[in-house]
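S.K.: The structure that follows is given in the form of structure tokens.
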Amino acid sequence: MENSTTSPRTLWNSGVNALLQFDFIAPLLFRIYLAPVFWMAGWSKFTSFDDTIEWFGNSEWGLGLPFPEILAALATGTELAGAVLLLTGLGVRLISIPLMITMLVAIFTVHWSNGWLAIAEPHGIFATERTMEAADRLTIAKNLLREHGNYEYLTEHGRLVMLNNGIEFGATYFIMLLSLLFTGAGRWLSIDYWITRPARTPAASTDGCAT
């Protein structure tokens, strides 16, 4: 008869329980990854705020949204505040909601028509007629640079690519934020954890975020 302490299920459960001691790492890395993304996006909007307002409101080359001043301010403030809150681990569940909304707005108003790919690729299941045409234009651009420019110098630190501006990055950020909405900021390295810690019992959730 198999010893219950060495059965596959027992060993598996022991391994999972040991792994859960480090469950704070994933939300921490998500927060560290997302914080500069939203800070750079918000800071770019803030430093050229008049252009941001015009882009939000212009129906010919922009988003054509109503109340562009208000929406531009909300988007800018949400991204800047969100970056700080994500980095410090304060109110992570709460700030994840408006940040997800900004991602959905960006996905459906800016990137949706461009398909999935952020960078144009001529092959693969996500390739479209648009990305294949972009790849052809990139080939022309490379040939021009090889003939009239210092191509080796220009590509020394990375290859030339054609931006497709699809939903890939926005969808990725949305999924990461959705994960943070469920997990919270994580234990130990977040303000949320230390704020809520006195109110928790030993049997309470260890996600470290009640907000």
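S.K.: I need to check one value: relative contact order of segment 1-121, counting alpha carbon pairs closer than 8 Å and at least 6 residues apart, in percent.
M.R.: 21 percent.
S.K.: With a cut-off of at most 11 other beta carbons within 10 Å, and DSSP calling the residue loop, which GluC sites (Glu not before Pro) in segment 79-164 qualify? Please list them.
M.R.: GLU156
S.K.: Here is a follow-up. When Kirkwood radius over Cα pairs in Å is calculated directly from the model, which label among (i) 19.5; (ii) 17.5; (iii) 20.5 fits?
M.R.: Only one listed value fits the structure, namely (iii).
S.K.: Dipole size in debye (nearest 20) for the chain around its Cα centre, Lys and Arg Cβ +1, Asp and Glu Cβ -1?
M.R.: Charge dipole, the chain, about its Cα centre: 820 debye, nearest 20.
S.K.: Okay, moving on. Put +1 on the Cβ of every Lys and Arg and -1 on every Asp and Glu Cβ in the chain; which of TRP112, TYR151, GLY184 then has its Cα farthest towards the positive end of the dipole?
M.R.: GLY184
S.K.: Roughly how far apart, in whole Å, are the Cα centres of segment 181-199 and segment 138-160?
M.R.: 49
S.K.: Can you tell me, using C-alpha contacts under 8 Å and at least 6 residues apart, the relative contact order of the chain as a whole percent?
M.R.: Normalised by residue count, the contact order of the chain is 24 percent.
S.K.: Ignoring ligands, DNA and RNA, please state the percent of accessible area on segment 1-139 from carbon and sulfur, probe 1.4 Å.
M.R.: 69
S.K.: Then there's this: What whole-number value in Å² describes the accessible area per residue of the chain for a 1.4 Å probe?
M.R.: In whole numbers, the chain has 64 Å² accessible per residue.
S.K.: If you don't mind, there's one more thing I want to ask. Of ARG93, ARG159, ARG187, which is the most mobile in a GNM of the chain whose springs link Cα atoms less than 10 angstrom apart?
M.R.: Looking only at ARG93, ARG159, ARG187, the biggest GNM fluctuation is shown by ARG159.
The values are calculated or read from the model by the stated rules, or taken from the named source; none is laboratory data. Nothing here was measured: the structure is a model prediction, and the numbers come from that model. Note: ideal-geometry Cβ built from the backbone for every residue, glycine included; neighbour counts use all protein chains shown. In case anyone asks, the SASA skips ligands and DNA or RNA and just uses the protein heavy atoms, side chains included. Shrake-Rupley method; radii C 1.70, N 1.55, O 1.52, S 1.80 Å.
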